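Here's the structure we're looking at; comments come further down.
Laboratory data are not the source of any read-out in this text; all were calculated from the coordinates shown. Since the structure is predicted, the reported quantities are computational estimates derived from the model, not experimental observations. Counting neighbours? That spans all protein chains shown, and the Cβs are built from the backbone with ideal geometry, glycine included.
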Amino acid sequence: MQLNPSVYAIILSLLAGISTGIGGLAVLFFKKTSSKHLSFLLGFSAGIMIFLSFMEIYREAENYLCNSHGLKNGKILAVLSFFFGAVLMAFINEFIPEPNKPHDSHYAWGKSSLTRNANAGKLFKTGLFTAIAVTVHNFPEGIATYVSGIKNPALGLSVALAIAMHNIPEGIAISAPIYYSTKSKTKAFLASFFSGFSEPLGAIITMLILGPYITDAVFGLIFGCVAGIMVYISLEELLPSAREYGQNNLTILSLMSGMAIMAVSSIFIF
C-alpha cells in the first residue's frame, strides 16, 4: 500500500525534528567530542543545503511559476520568493536571537572552565532561551520539509536529511548548558528533544491551512522561499560555525563533500 503523500511529508518533518534530540544524546553519553567532527558535520550539512537550494529547489520554483505565470513573470516571482525567504529568516534572527548561536555550542566540548565558573542559574537560562529560539527557527524548516515531500518524495527526503544534520548541533547547544546547570540528564535530553517538535507542527499547520489551496503557483512561491531560507541558514549559521571549530581547509572540504554527495545522488534519485 502506497503511503499518503501528506503522511509521508509529515513523517519526514518528524524525523528531521527528532534529530535535535539526537544532538542532546550526544552530549549525555559522550564526555568528549572532537570539534573537528562538529566542524565537518556543519560544513557537510551546509554543502547539502546550498546544493539542494540552487540545483533542485530553486529550479522547481522557477518551473512551477513559469508554467503558471509565463517565463518572465515566473522568473521574477522566483527571485522575489527566494529573497523573501532569506529576509524572513533574517527577521526571525533579529527579533528572536539565538543565545550564543545554537551552532556555537562551546558547552558541548566539556570545557572545565565553564562548569567551574559559570553561574548555574544563568547557564540554565541560556539553555532554556536556546531551546525557545531553536523551536521558533525550526518551524519554517517543517514547512520546507512538508512542501518538498508532498510534491517530490525524493527531494523531500534530501531536504529532511540536510535539516536533520544541522539540527544535531542545535540539540547539543540546548542540552549541554541545561545538563551542566542542573546535572539532570533527563531535563537536558527532553529540552532538546521537544524543541524539535516545532518542525512537524509546522508541517501539520501547513497541511491544514494551505492544503486545500496549494496550486502549482503556490508550490512555486513556497519552493522559492524554502531555497532562500536554506541558503540563509547555511551562510549565516552553518559555515561560520564550521570555520570556528575547524580549519578553513576542513570547512571547504566538508562543504564540497556535501555538494558532491548530493550531486551524485541527484543523478540516481531525481
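Working from label points 7 Å from Cα in the Cα-to-Cβ sense, the Ile267 to Glu244 distance is 3.7 nm. Ranked for footprinting exposure by Cβ neighbours inside 10 Å, fewest first, Lys183, Lys36 give Lys183, Lys36. Length gained on full extension, Leu88 to Ile132: 14.1 nm, using 0.36 nm per residue less the C-alpha separation. Averaging 1/r over every pair of different alpha carbons in the range 141-262 and inverting the result gives a Kirkwood radius of 16.3 Å.
Compared with the direct C-alpha span, the chain from Lys185 to Asn73 gains 35.0 nm at full extension, assuming 0.36 nm per residue. Label-to-label distance for Met55 and Ala260 is 1.2 nm, based on points extended 7 Å past Cα in the beta-carbon direction. Annotation: aspartates and glutamates with alpha-carbon distance below 15 angstrom to Lys72 (same-chain offsets under eight excluded): Glu62. The order of His69, His166, going from fewest to most other C-beta atoms within 10 Å of their C-beta, is His69, His166. The residues Tyr8, Tyr213, Tyr245, when put in order of fewest to most other Cβ atoms within 10 Å, stand as Tyr213, Tyr8, Tyr245.
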